[in-house]
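Trainee: Next up is a structure, given as structure tokens.
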Amino acid sequence: MFDIRSEFSKYGEYHANRINIAIHMVFVPTILWTSMGLVTLAQPHALFEFPTPISALLSHIPGSPPVANTATLIITAFAAFYIVLDQIAGLLATPVLYGFLVSAQQYALSSPASLQYLLALFAIAWVAQFIGHGVFERRAPALLDNLMQALVMAPFFVFLEVLFALGYRPSLHRELRNEIGSRVLAFRRAAKNAVKPN
């Protein structure tokens with residue numbers, strides 16, 4: 001569960017098509033951002049107080065601090081999981097996640113029409129994802145096999161794809177691509193054998 005090679009390749013085998021990956025690069029962040037906004041609308045008030053050291057740290061970051069609600073807990077759990085999977089990439093992802101959280105919360109709480117726009121964007125993003133899988137990948141989304149793994153890994157998969165494109169850990173990238181290729185080939189062989197007449 002806490003192995004980057006296993007988690008990335010399990011998710012990646014459902015995302016081997018370049019167009020589907022490109023769709024995910026746009027709409028996975030959209031789903032994450034709108035989800036944080038919708039959770040904040042459902043729970044606009046703080047559930048807890050930040051510990052003093054965290055409050056002191058947040059006071060040095062420009063802008064309003066996040067609302068200490070379920071959205072904040074979710075993003076914190078995501079960041080912790082990503083850091084465990086890959087320390088450097090996880091730490092690089094943390095400020096991005098923080099920016100997503102704060103901007104989504106502020107938009108949700110400040111815009112009168114935020115609910116309508118968030119729901120519309122959320123729906124469009126999911127439709128795009130399913131088009132990516134149905135038309136280009138020609139394989140059901142990972143969430144149909146493992147919902148939690150797919151939802152949690154999706155943002156980190158996208159973030160790592162960006163890092164890999166920038167030259168991050170090239171040997172790991174090659175290793176993961178080879179493993180994903182093997183998994184995709186095994187899936188296609190199994191699917192081909194399944195339709196063969198007895």
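The values are calculated or read from the model by the stated rules, or taken from the named source; none is laboratory data. Since we're looking at a predicted model, the values are computed, not measured. Note that each Cβ is placed from the backbone with ideal geometry, even for glycine, and that neighbours are counted across all protein chains shown. Note: accessible area is taken over every heavy atom of the protein model, side chains too, but ligands, DNA and RNA are not part of it. Shrake-Rupley method; radii C 1.70, N 1.55, O 1.52, S 1.80 Å.
Trainee: Could you grab me the full set of residues in region 143-167 that are at pLDDT below 95 and not in a helix (DSSP H, G or I)?
Mentor: Once the filter is applied, which keeps residues that are at pLDDT below 95 and not in a helix (DSSP H, G or I), region 143-167 yields Asp145, Asn146.
Trainee: Of the residues Val102, Val84, Val96, which single one is of a type outside the set (D, E, K, R), under 30 Å from Phe2 (Cα atoms), in a helix (DSSP H, G or I) and open to solvent by less than 30 Å² (accessible area, probe 1.4 Å)?
Mentor: None of the other options fit; the residue is Val102.
Trainee: Quick one: Val67 ticks every box in (1) more than 16 Å from the chain's Cα centre (by Cα); (2) open to solvent by 60 Å² or more (accessible area, probe 1.4 Å) except a single one, so which number is it?
Mentor: (2)
Trainee: Still on this structure, please answer the following. Inside region 29-64, can you point out the residues that are open to solvent by 80 Å² or more (accessible area, probe 1.4 Å) and in a loop (DSSP other than H, G, I, E, B)?
Mentor: Going through region 29-64, the residues open to solvent by 80 Å² or more (accessible area, probe 1.4 Å) turn out to be 42, 45, 47, 49, 52-53, 57, 59-60, 62.
The answer is His45, Leu47, Glu49, His60, Pro62.
Trainee: For the structure I just gave you, tell me whether Ala120 is open to solvent by less than 50 Å² (accessible area, probe 1.4 Å), touching a residue at least 24 places away in the same chain (Cβ under 8 Å) and not aromatic (Phe, Trp, Tyr).
Mentor: no
Trainee: Additional query: Do we find a residue being among the aromatic types (Phe, Trp, Tyr), within 14 Å of the chain's Cα centre (by Cα) and more than 13 Å from Leu109 (Cα to Cα) anywhere in region 32-44?
Mentor: yes
Trainee: Spot the failing condition for Val184; the list is (1) open to solvent by 70 Å² or more (accessible area, probe 1.4 Å); (2) among the β-branched types (Val, Ile, Thr); (3) more than 20 Å from the chain's Cα centre (by Cα), and only one is missed.
Mentor: Condition (1) is where Val184 drops out.
Trainee: Could you look through region 105-117, keep only residues that are open to solvent by 60 Å² or more (accessible area, probe 1.4 Å) and without any contact (Cβ under 8 Å) to a residue 60 or more places away in the chain, and pick out the one that is farthest from Ser9 (Cα to Cα)?
Mentor: Checking each candidate, the answer is Pro112.
Trainee: Let me ask another. Filter region 147-176 down to the residues that are in contact with a Phe, Trp or Tyr (Cβ under 9 Å, 6 or more places away or on another chain) and more than 20 Å from Ala79 (Cα to Cα), then identify the one that is most open to solvent (accessible area, probe 1.4 Å).
Mentor: Only one residue fits best here, namely Pro170.
Trainee: All but one of (1) surrounded by fewer than 17 Cβ atoms within 10 Å (Cβ to Cβ); (2) in contact with a helix residue (DSSP H, G or I) (Cβ under 8 Å, 6 or more places away or on another chain); (3) assigned to a helix (DSSP H, G or I) hold for Ala140; which doesn't?
Mentor: Only one criterion is unmet by Ala140, namely (3).
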